[in-house]
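A short write-up of the structure that comes next.
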Amino acid sequence: MKLTALCVLALQIILFFVGTIVVLWGFAEVAKEGGGIVPGFGAIQLSRFIAFLAPYLALPISSLLTFIFYRKAKYGTSVWLPLTLIAIIFTTGQLYLKIVPDPIMENFGAHASPDPGFLVLPADAVPPDFKETKHHYTKSEYMINFTQLVSGKKVDLNIIESDVCQFETVGEEPVQKFTYLGITGEVYMYHHRRTQETSFNLLWLNPPKQRLAIYLSQSPVQEYSPEDLISILKSMRLSK
């Protein structure tokens, strides 16, 4: 048992030094990629980080306990007490990680369906011949893209709704105002100088979640108008 206690002490010291190298390397990688604490989620991120590192942080204490009981010739205690302490701390940390979700994944990670509060375009309201190519649903965003081919040219219909996104209208010309559910919105037109193509962009801001933009590019025959985007908005239904 004396040899076992000595091996347990040595193993804890080695794991602590190896863990320190891994942690420092991890910090360096995060810093290199520009990562860090996200404003508004700092406290939860820090507590989850501590819970994740709990066994590593417990190693200095468990090593000290092993050393103290080893010096007192209580070899059995010097083995089971530190290991039990690490097991309890590890289990507690894992339970905390399960109970308290990652705020980044919870708010910005992909969900299977739109969260309640967003206006969602029903499948039967999608304009004819448009096919869904991409969607991304999070707690703070509803985004869905459709395309169709007209005379070999791809025509895009993109809808994005977000309570955090800032919509830009640089280079766009306002062409039509409208009111829906008591909220004034506006349709903008963008004319591409090189391709001579025209596209429309509808903005309707009804915070917090119903802040949306609908983008529709033109087919070669220039068949769409601002009214088409307004009709799409009015066909959207509240997600529950």
| query | Does Pro101 satisfy being within 22 Å of the chain's Cα centre (by Cα) and either in contact (Cβ under 8 Å) with a residue 60 or more places away in the chain or surrounded by 15 or more Cβ atoms within 10 Å (Cβ to Cβ) (or both)? | reply | no
| Of (1) among the aliphatic types (A, V, I, L, M); (2) out of contact with any strand residue (DSSP E or B) (no Cβ under 8 Å at 6 or more places or on another chain); (3) touching a residue at least 24 places away in the same chain (Cβ under 8 Å), Leu216 satisfies all except one. Which? | (2)
| request: From Ser140, Ser151, grab the single residue that is of a type in the set (Ser, Thr, Tyr) and loosely packed, with under 15 Cβ neighbours inside 10 Å. | output: Ser151
| query | Do we find a residue being at pLDDT 90 or above and either surrounded by 14 or more Cβ atoms within 10 Å (Cβ to Cβ) or out of contact with any Ser or Thr (no Cβ under 7 Å at 6 or more places or on another chain) (or both) anywhere in region 163-173? | reply | no
| message | Tally up the residues in region 112-132 that are surrounded by 14 or more Cβ atoms within 10 Å (Cβ to Cβ) and not in a loop (DSSP other than H, G, I, E, B), please. | response | 2
| message | Given the condition in a helix (DSSP H, G or I), crowded, with 16+ Cβ neighbours inside 10 Å and at pLDDT below 90, answer yes or no: does some residue in region 32-43 qualify? | response | no
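The values are calculated or read from the model by the stated rules, or taken from the named source; none is laboratory data. Given the structure is predicted, the values throughout are model-derived calculations rather than measurements. Neighbour counts run over all protein chains shown; Cβ positions are idealised from the backbone, glycine included.
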